[in-house]
Amino acid sequence: MSAIARLGLLVAAFVLQTALLNAALPTESEEATAHSSLAGQFLIAAPAMGDSRFEHTVILIVEDDQTGALGIVLNKPMGEQPLASLLDAVGEKTSGVTGSVRVFAGGPVEPQVGFVVHSADYRLPETLAINDRLSLTSSVKILRDIANKSGPVKILVAFGYAGWGPNQLDQEIEAGAWATAEADPTLVFDADRDSLWDDAWNRRTQHL
């Protein structure tokens, strides 16, 4: 099945995403004060990454505490999708809706779950602030607002996420599977996806 055909099956689940996202993310009460969170960092696959699912990936870490970590892969584009098709798939009215968005495979976990990584100028009650420049929302309303030109200035639409259990990501970093770098919104939203890994790798702070 092609990536675009697969996408057509995924968009129908967007209406359920807010509840799924809330279930996926750890709560503040679970957060350990001693844990050094990587939220707001790039996770960059090392050249010798042994997992084919993550070769040359750049991942934005959305949440990280003692219960585990969650991130969105930024450089696996699936193709352009008309906004009208996305909205139609979840039963939304599409009269007058124009334009399209580039859609990404955000990771191998819950590939039916849709997310929008976006600039911090937009916020809904369910929006998660990753840092002061980047946020994440999983809601049909953000799609409507994007279509109505009232959404965030910058967006990246992804389906699925990458997830790690307690201490798993720290162990993988210590083993040399990943490097880290401060997340740059310019790279998140505007960089050429073909060069994103190189750009992020050159900024790494975790040297192998």
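The values are calculated or read from the model by the stated rules, or taken from the named source; none is laboratory data. On a predicted model such as this, the values are computed, not experimentally measured, just so you know. All Cβ positions, even for glycine, are placed from backbone atoms using ideal geometry, and neighbour counts span all protein chains on display.
For region 183-193, does any single residue satisfy the condition of being farther than 18 Å from residue 41 by Cα and at pLDDT 95 or above?
As a first pass, look at region 183-193 and keep what is farther than 18 Å from residue 41 by Cα: 192.
Pick out the ones that are also at pLDDT 95 or above and you get 192.
Yes.
Can you give me the number of residues within region 152-208 that are among the small types (Gly, Ala, Ser), out of contact with any strand residue (DSSP E or B) (no Cβ under 7 Å at 6 or more places or on another chain) and under 21 Å from residue 131 (Cβ atoms)?
Qualifying residue count for the region: 1.
Among the residues of region 59-96, how many are buried (at least 20 other Cβ atoms within 10 Å of the Cβ), of a type in the set (A, V, I, L, M) and assigned to a loop (DSSP other than H, G, I, E, B)?
Qualifying residue count for the region: 1.
Anything in region 150-179 that is at positive phi and not small (Gly, Ala, Ser)? List them, or say none.
To start, the set of residues in region 150-179 that are at positive phi comprises 160, 167, 176.
Scanning region 150-179 gives a single hit, 167.
Quick check on this structure: which one of 126, 110, 92, 80 is in contact (Cβ under 8 Å) with a residue 60 or more places away in the chain, on the phi < 0 side of the Ramachandran plot and of a type in the set (Asp, Glu)? Before the answer, list the steps.
Numbers: 110 fails: on the phi < 0 side of the Ramachandran plot; 92 fails: in contact (Cβ under 8 Å) with a residue 60 or more places away in the chain; 80 fails: in contact (Cβ under 8 Å) with a residue 60 or more places away in the chain.
On inspection, the qualifying residue turns out to be 126.
Restricting attention to region 133-160, which residues are among the charged types (D, E, K, R) and modelled with pLDDT of 95 or more?
Of all residues in region 133-160, those among the charged types (D, E, K, R) come to 133, 141, 144-145, 149, 154.
If the condition is that a residue be among the charged types (D, E, K, R) and modelled with pLDDT of 95 or more, then 133, 154 are the ones that fit.
Out of the residues in region 97-114 meeting the condition of being out of contact with any Pro (no Cβ under 9 Å at 6 or more places or on another chain) and over 24 Å from residue 129 (Cβ atoms), tell me which one is surrounded by the most Cβ atoms within 10 Å (Cβ to Cβ). So that I can check it myself, show each step before the final result.
Going through region 97-114, the residues out of contact with any Pro (no Cβ under 9 Å at 6 or more places or on another chain) turn out to be 106-114.
From what's left, over 24 Å from residue 129 (Cβ atoms): 108, 111-112.
On the way: 108: 14, 111: 18, 112: 15.
Within region 97-114, the match that is surrounded by the most Cβ atoms within 10 Å (Cβ to Cβ) is 111.
Residues in region 98-111: is at least one closer than 23 Å to residue 170 by Cβ and among the hydroxyl-bearing types (Ser, Thr, Tyr)? Spell out how you get there, then give the answer.
Taking region 98-111 as the starting set, the residues that turn out to be closer than 23 Å to residue 170 by Cβ are 106-110.
Filter once more, keeping what is among the hydroxyl-bearing types (Ser, Thr, Tyr): none.
The answer is no; no qualifying residue exists.
Of everything in region 145-199 that's of a type in the set (Val, Ile, Thr) and farther than 19 Å from residue 115 by Cα, which residue is nearest to the chain's Cα centre (by Cα)? If you could, list the steps in order and put the result at the bottom.
Pass one, region 145-199, residues of a type in the set (Val, Ile, Thr): 146, 153, 155, 157, 173, 180, 186, 188.
From what's left, farther than 19 Å from residue 115 by Cα: 173, 180.
Values: 173: 20, 180: 16 Å.
Ranking the qualifying residues of region 145-199, first place goes to 180.
So which residues in region 95-107 are modelled with pLDDT of 90 or more and either on the phi < 0 side of the Ramachandran plot or more than 11 Å from the chain's Cα centre (by Cα) (or both), if there are any at all?
Going residue by residue through region 95-107, those that are modelled with pLDDT of 90 or more are 100-107.
Hits for region 95-107 are 100, 101, 102, 103, 104, 105, 106.
If residue 29 passes every condition in (1) assigned to a strand (DSSP E or B); (2) at pLDDT below 90 but one, which one does it miss?
For residue 29, the failing item is (1).
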